[in-house]
Amino acid sequence: MSQTHLAVLDDEPEITLLIARYLGAQGYRVSQAHDGAALMALMRDDPPELVLLDLGLPGEDGFAIARQLREHHRCGLVIVSGRGEAIDKVVGLEVGADDYVTKPFDLRELLARVKAVLRRLEPLLAAPPAAPSTGQGWRFGHYCVELAARRVRHDDGREIALTGGEFDLLVTFCRHPGRVLSRDFLLDATRGREAGPFDRTVDVQVGRLRRKLEADSQADPLIKSVRGAGYLLTVPVEPL
C-alpha cells in the first residue's frame, strides 16, 4: 500500500524539517516546499493528498495560494500560521481550508488534525475529479445553479424559490463537491463575521434547502448529514 503523501509549505526550513520528520515517523511521505512556486511544481509533478500551508510567506499572499489550491487541485488543506486573529481564521476557512492551526502548535495535535481531515476527505480523494467552474454556475442532479441570475432551475423548467441565504449555502456546496462541510465552515462561508458562536442558522437553512430540492424526489438525499462532521452534497457537480 502506498504511503499518504503530504506537503509542507513554510519559508522557515527548520519548521518544514520539524514537521516532515515528525509526520514521516508516523508513516507519511512528506515533501517540503519553501515558496509558492515550489509547491505548485509539486502539485503538478507529484500531487499530495494534503497540504500544510503557512500564510506568512515573504512577498507572497498565502491566502492566494490557498485559493489556487482549492480551485485547481483536489487535496486537503490545513493552514498552519502564526496569525491567530479570528478574521484570519474566517478568511482561511472561506478560501477553502479544511482546518486552521495556529503557531506555536503541539505536533501531536497537528497529527490528530491531519488524520481528521484525511478521514473526511476519503470520499473526495477516491471520487473522479470534478470539472473546473466556468464562473456561470453548476449542474447537479436535476438542477442548474445560475450564478449571475442567482437562481436555481429544475430540468423541467421550474424555478426553485430560494432565499439569499439558501442560495449562498447551495453555492458553497457546489464549490466544494464531494467534501463533508462542517457547520463552522458553512457558517464562515455564508455569513462570515456575522455568525455567532452558537448560531444554528446553517442547520435551519440546510433543512429548508433539502425540502425544496428533494420535495419531488424519493431517491437518496441530495444533502446528507454526516454525524459529527457536517453536511455533504451527494451527487456529482459539473460546470454550466
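The values are calculated or read from the model by the stated rules, or taken from the named source; none is laboratory data. Source: prediction; values computed, not measured. Please note: Cβ atoms are built from the backbone with ideal geometry, for glycine as well, and neighbour counts cover all protein chains shown.
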**OP:** Output the residues belonging to the range 185-216 that are at pLDDT below 80, part of a helix (DSSP H, G or I) and loosely packed, with under 12 Cβ neighbours inside 10 Å.
**Re:** 193, 194
**OP:** For residues that are touching a strand residue (DSSP E or B) at 6+ places or on another chain (Cβ under 8 Å) and among the acidic types (Asp, Glu), tally how many sit in the range 55-103.
**Re:** 3
**OP:** Considering every residue within the range 55-76, establish whether at least one is among the aliphatic types (A, V, I, L, M), in a strand (DSSP E or B) and modelled with pLDDT of 90 or more.
**Re:** no
Original post:
Only one residue in 18, 6, 39 is surrounded by fewer than 17 Cβ atoms within 10 Å (Cβ to Cβ) and in contact (Cβ under 8 Å) with a residue 12 or more places away in the chain, so which one is that?
Top reply: 18
Original post:
Name the pairs: first residue in the range 102-113 and over 16 Å from residue 56 (Cα atoms), second residue in a helix (DSSP H, G or I), Cβ to Cβ under 6 Å, at least 6 apart or on different chains?
Top reply: 107/22
Original post:
Within the set of pairs 6 or more residues apart or between chains, which connect a residue that is closer than 12 Å to residue 203 by Cα inside the range 174-189 to a residue that is among the β-branched types (Val, Ile, Thr) and at pLDDT below 80 with Cβ atoms less than 9 Å apart?
Top reply: 187/201
